[in-house]
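Heads up: the structure comes next, in structure tokens.
The values are calculated or read from the model by the stated rules, or taken from the named source; none is laboratory data. The model shown is predicted, which means the values in this text are computed figures rather than measured ones. Reconstructed Cβ throughout: ideal geometry from the backbone, glycine too, with neighbour counts over all protein chains shown. For accessibility, only protein heavy atoms count, side chains too; no ligands or nucleic acids. Shrake-Rupley method; radii C 1.70, N 1.55, O 1.52, S 1.80 Å.
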Amino acid sequence: MGESNAHYYAARDPLGAPREADGGDFVTAPEISQMFGELVGLWLADIWSRAGAPPDPIYCELGPGRGTLAKDALRSMARFGLSPQVHFVEGSPVLRALQAEAVPGAQFHEDVASLPEDRPLLLVANEFFDALPVRQLVRTDAGWRERMIGLDDGALDDGGQGEGAFRFVAGDQPMDSAVPEGWADRPAGTIIETCPAATAVMGEIARRLAEQGGVALIVDYGHLRHRTGSSLQAVAQHKKVDPLVRPGMADLTAHVDFAALATAARIDGVRVLGTATQGEFLESLGIGARAAALARAAPERALEVEEARERLVSAEQMGELFKVMAFAAADWPAGAGLH
């Protein structure tokens with residue numbers, strides 16, 4: 001998953017709506033409407049102001065796509081006197097070029113470790129953690145094993161895949177010691193999914209919040225409590241495809257385990273501010289009023305604005321599947337829209 005996504009993102013701009021000339025493979029909330037980034041910017045400006053408006057904060061975004069969210073958020077922040085230095089954590093040369101065009105002056109990093117350590121951090125990660133590589137354990141009749149990728153034996157399957165096609169296999173090494181407490185006796189076939197990379201990144205973010213001050217806002221699709229089952233999926237041209245076919249040519253993702261992120265962030269000096277569904281979060285920040293204002297300003301776009309609002313907040317679309325979780329330094333205030 002890690003190698004496939006590294007190749008996938010390095011070689012293309014994957015974003016785009018189906019109606020665009022190059023349609024892309026998927027679309028994210030900031031690309032659906034400016035309202036998303038504007039409200040994220042207002043959330044950051046509000047919490048920064050109530051923290052006493054500490055000088056020289058850093059706006060950092062992990063995996064900032066085309067830079068659209070940052071551009072919209074920075075515009076909102078500037079209305080309230082917040083103009084932070086911008087740092088992007090991005091490994092794709094193709095996307096870095098688009099981000100530099102959208103946000104001139106942004107500084108780039110390969111990972112969180114190289115961010116400045118002497119100023120408060122205003123960090124945003126929208127659809128970042130879902131692309132980090134997961135590990136899976138599967139319960140077999142012989143005990144727990146790591147779920148791995150192997151080659152089939154040459155027989156054609158229903159999809160026409162023959163010799164050389166990838167398939168899931170159980171490793172030969174016992175992994176019972178890696179199973180979380182209370183999960184060991186699950187029935188055969190049970191899959192447990194973990195994301196060591198997400199734990200490591202969240203741990204580094206938490207350390208920085210404790211030492212530098214600031215907040216981190218995470219928005220992604222996933223679940224708030226630990227659960228079993230594989231959530232690995234692949235998307236190409238806005239459709240789900242087999243993740244083992246043409247690796248590196250489709251976006252591989254897995255549901256984010258927000259409970260695991262919260263556990264990784266619980267170090268001295270950092271607290272979880274709360275959670276919400278994306279729909280709850282945006283509604284509480286006033287997306288309805290913002291949509292009405294945009295419709296009044298451009299009546300010819302009123303239907304487009306309303307469709308975008310509905311897509312972002314509706315339980316049938318992105319509103320329930322996507323979750324929001326925030327973290328802050330001990331002396332920073334609570335954030336709006338969370339519980």
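Computed over neighbours whose Cβ is under 12 Å from that of A170, the net charge equals +1, Lys and Arg +1, Asp and Glu -1.
Angle of helix 68-78 to the longest C-alpha principal axis of the chain, folded into 0 to 90 degrees and rounded to 10: 30°. Taking the 1.4 Å solvent-accessible surface of the chain as the whole, the part contributed by carbon and sulfur is 51%.
What does the accessible area per residue of the chain come to in Å², with a 1.4 Å probe and no ligands, DNA or RNA counted? Kindly include the intermediate steps, with their values, before the conclusion.
Working: 15710 Å² over 339 residues.
Averaged over the residues of the chain, the accessible area is 46 Å².
Determine the sum of side-chain charges near V256: Lys and Arg each +1, Asp and Glu each -1, restricted to other residues whose C-beta is under 15 angstrom from that of V256. Intermediate values should be presented prior to the final figure.
On the way: positive: R135, R225, R227, K323; negative: E127, D130, E193, D220, D251, D257, E320.
Summing Lys/Arg as +1 and Asp/Glu as -1 gives -3.
Charge dipole (Cα centre; +1 on Lys/Arg Cβ, -1 on Asp/Glu Cβ; no other charges) of the chain amounts to roughly 800 debye.
Around the Cα centre of the range 285-339, unit charges on the Cβ atoms of Lys, Arg, Asp and Glu (plus for the first two, minus for the last two) sum to a dipole of about 140 debye. Distance from the alpha carbon centroid of the range 192-216 to that of the range 222-266 works out to 18 angstrom.
Note on A259 and K239: the model spin-label points, each 7 Å out from Cα along the C-beta direction, lie 3.6 nm apart.
Within a Cβ distance under 13 Å of E211, other residues only, what is the Lys/Arg minus Asp/Glu net charge? Each step should come with its number before you reach the end.
On the way: positive: R119, R207, R208; negative: E117, D118, E204, D268, D331.
Here the count lands on -2.
Once Rg/Rh (Cα atoms, Kirkwood Rh) is calculated for the structure shown, the corresponding label among (i) 0.98; (ii) 1.01; (iii) 1.08 turns out to be (i). For the chain, the longest principal axis of the alpha carbon atoms and the long axis of helix 93-102 meet at an angle near 20°. Which of the aspartates and glutamates could a cross-linker span from K240 if the Cα-Cα distance has to be under 14 Å and same-chain partners fewer than 8 positions apart are dropped? The qualifying aspartates and glutamates are D25, D251.
If the chain linking E101 and M148 were pulled fully straight, counting 0.36 nm for each residue of separation and taking away their Cα-Cα distance, it would gain 12.9 nm.
Each residue of the range 256-272 is assigned a 3J(HN,Hα), and the resulting list reads 7, 8, 5, 4, 5, 4, 4, 5, 5, 8, 7, 10, 4, x, 10, 9, 7 Hz, derived from the Karplus form 6.51 cos²θ - 1.76 cosθ + 1.60 (θ = phi - 60°), x at Gly and Pro. Shape analysis of the range 242-339 based on the Cα gyration tensor places the equivalent ellipsoid semi-axes at 30, 25, 10 Å, largest first. Ordering P64, S114, Q34 by the projection of their Cα atoms onto the charge dipole of the chain, which places +1 on the Cβ of Lys and Arg and -1 on the Cβ of Asp and Glu, puts Q34 at the extreme positive end.
Close amide H pairs (under 5 Å, H built 1.01 Å from N) link G214 with L121, A329, residues at least 5 positions away or on another chain. Debye-formula intensities of the range 1-100, expressed as log10 I(q)/I(0) at q = 0.10, 0.21, 0.22 Å⁻¹, are -0.32, -1.06, -1.12 (one equal scatterer per alpha-carbon, no solvent). Under 10 Å, Cα contacts only: if you run a Gaussian network model on the chain, which one of R50, R301, R139 comes out with the highest mean-square fluctuation? Evaluated over the chain, the most mobile residue of the options is R301. Summarised in one figure, the compactness ratio Rg/Rh of the range 287-339, Cα atoms and Kirkwood Rh, is 1.14.
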